[in-house]
Amino acid sequence: MAHDWQADFERLVDEHQSMVYSIALRMTGDRGLAEEIAQDVFLELDKSLSKIESAEHAYWWLRRVTMSRATDALRRRRVRGMDLWVALDDHHGQSTEEKGSPLGARLEYLMTTLPEAQRSALILRYQEDMMPEEIAAMLDAPVATVKSNLQRGLKLLRAKATSQLREFIRGVGTDA
């Protein structure tokens, strides 16, 4: 009996599309780019489906490829001279219903301002609930580096949040 790869693919897309999109969105801070990345990831999955050994392998593979594609997209943007880090206006143009609370939107923006390595580690740790050892394996980095990126990323995020959110609460510097 032949294996039904199409059914496997459709099941994996149904189960993991929100995770793939969410990782891409948090990495890039851009909804359109996150959608493109998610499409690319699932196109790659379709090509690589015969190499996927289990549901756990698929889950791991999707997270790793999504992180890789998001990082590549950010690098391409920087090479073209676009400044991702000052894209605050993009976030303020979205309604509260699209983005969640204004505070949540500001926190998501602050995540996009973190250096790539720190942002990657924080997303995988706190969104994907991965342990530092798992993150290290996924990113092909030493565990000590991952732990350092987590610590530095949290410290930097707290510092940014303290100053930015103080202004936000006062209503200073917001267009929303």
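With respect to the conditions (1) in a helix (DSSP H, G or I); (2) of a type outside the set (Lys, Arg); (3) modelled with pLDDT of 75 or more, residue 141 falls short on a single one, namely (1).
Within segment 1-12, identify whether any single residue is more than 27 Å from residue 160 (Cβ to Cβ), at pLDDT 90 or above, surrounded by 13 or more Cβ atoms within 10 Å (Cβ to Cβ) and of a type outside the set (A, V, I, L, M), and answer yes or no. Scanning segment 1-12 turns up at least one residue that is more than 27 Å from residue 160 (Cβ to Cβ), at pLDDT 90 or above, surrounded by 13 or more Cβ atoms within 10 Å (Cβ to Cβ) and of a type outside the set (A, V, I, L, M).
For every residue, the table says whether it meets (1) surrounded by 14 or more Cβ atoms within 10 Å (Cβ to Cβ); (2) in a helix (DSSP H, G or I).
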| site | (1), (2) |
| --- | --- |
| 106 | yes, yes |
| 110 | yes, yes |
| 117 | yes, yes |
| 120 | yes, yes |
| 124 | yes, yes |
| 129 | no, no |
| 137 | yes, yes |
| 155 | no, yes |
| 158 | no, yes |
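I need every pair where a residue in segment 62-79 that is crowded, with 18+ Cβ neighbours inside 10 Å has its Cβ under 9 Å from the Cβ of a residue that is modelled with pLDDT under 85, sequence separation at least 6 or different chains. Matching pairs, first to second residue: 74/84. Among the residues of segment 40-54, the one identified as hydrophobic (A, V, I, L, M, F, W, C) and exposed (fewer than 13 other Cβ atoms within 10 Å of the Cβ) is 43.
For first residues located in segment 38-58 and more than 12 Å from residue 8 (Cα to Cα), partners that are of a type in the set (Phe, Trp, Tyr) and crowded, with 18+ Cβ neighbours inside 10 Å and lie 6+ apart or on another chain with Cβ distances below 7 Å form the pairs 38/21.
The values are calculated or read from the model by the stated rules, or taken from the named source; none is laboratory data. Since the model is a prediction, treat every value here as computed from it, not as a measurement. Backbone-built Cβ (ideal geometry, glycine too); neighbour counts: all protein chains shown.
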